[in-house]
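Data first, discussion second: the structure below is written as structure tokens.
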Amino acid sequence: MRTEATIGRTFVDRLIEEHMQGANIVNEVSMAKSWITDLSQKVAVECMQLYGGYGYMEEYEIARRYRDVAVNSIYAGTNEIMKVIIAKNLGL
Ligand SMILES: Cc1cc2nc3c(=O)[nH]c(=O)nc-3n(C[C@H](O)[C@H](O)[C@H](O)COP(=O)(O)OP(=O)(O)OC[C@H]3O[C@@H](n4cnc5c(N)ncnc54)[C@H](O)[C@@H]3O)c2cc1C
């Protein structure tokens, strides 16, 4: 999980640098938004599982993290729409 999170962070850091340099990174941002928010859901599921039954109890923060992470792939443009943007920019 740490490896995947580090890969995602590295990608975002690179995009921030390119954005600050004025590059057109619409496609890469759409890739980052969909891939990283999908990844965050996968990681949240694994973390919740680590806690066993406690992971599902509201008293534990991971339960809320597990529930709330889902919205990241919905707001600010759903991940399906991100894929439409990527496909269009690829000329598909
Ligand atoms: C907590 C929260 C905060 C939000 N904040 C804001 C905000 O500040 N500003 C704002 O403008 N909006 C905001 N939204 C709205 C959010 O951006 C929309 O929910 C989002 O755009 C999806 O639109 P929809 O809910 O109408 O789903 P729909 O458009 O009805 O889509 C339903 C499903 O179909 C998929 N889908 C739709 N069209 C296509 C297509 N052409 N190809 C493939 N799949 C498709 C979608 O990806 C989705 O999975 C917020 C939403 C939430 C939940």
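The values are calculated or read from the model by the stated rules, or taken from the named source; none is laboratory data. For clarity, every value in this text was computed on a predicted model and none was experimentally measured. Please note: Cβ atoms are built from the backbone with ideal geometry, for glycine as well, and neighbour counts cover all protein chains shown. Surface accessibility is based on the protein's heavy atoms, side chains included, excluding ligands, DNA and RNA. Shrake-Rupley method; radii C 1.70, N 1.55, O 1.52, S 1.80 Å.
Would you pick out the residues in the range 71-88 that are touching a residue at least 24 places away in the same chain (Cβ under 8 Å), open to solvent by 40 Å² or more (accessible area, probe 1.4 Å) and of a type in the set (A, V, I, L, M)? Passing the criteria: A76, I85.
Checking each residue in the range 29-49 for being more than 15 Å from A5 (Cβ to Cβ) and either more than 13 Å from the chain's Cα centre (by Cα) or surrounded by fewer than 16 Cβ atoms within 10 Å (Cβ to Cβ) (or both) picks out M48, Q49. Is there a residue being open to solvent by less than 40 Å² (accessible area, probe 1.4 Å), within 16 Å of the ligand (Cβ to nearest atom) and among the hydrophobic types (A, V, I, L, M, F, W, C) anywhere in the range 50-65? Looking through the range 50-65, none of the residues is open to solvent by less than 40 Å² (accessible area, probe 1.4 Å), within 16 Å of the ligand (Cβ to nearest atom) and among the hydrophobic types (A, V, I, L, M, F, W, C). Tallying residues that are under 30 Å from V26 (Cα atoms), of a type outside the set (K, R) and over 12 Å from the mean Cα position of the chain (by Cα) within the range 50-75 yields 2.
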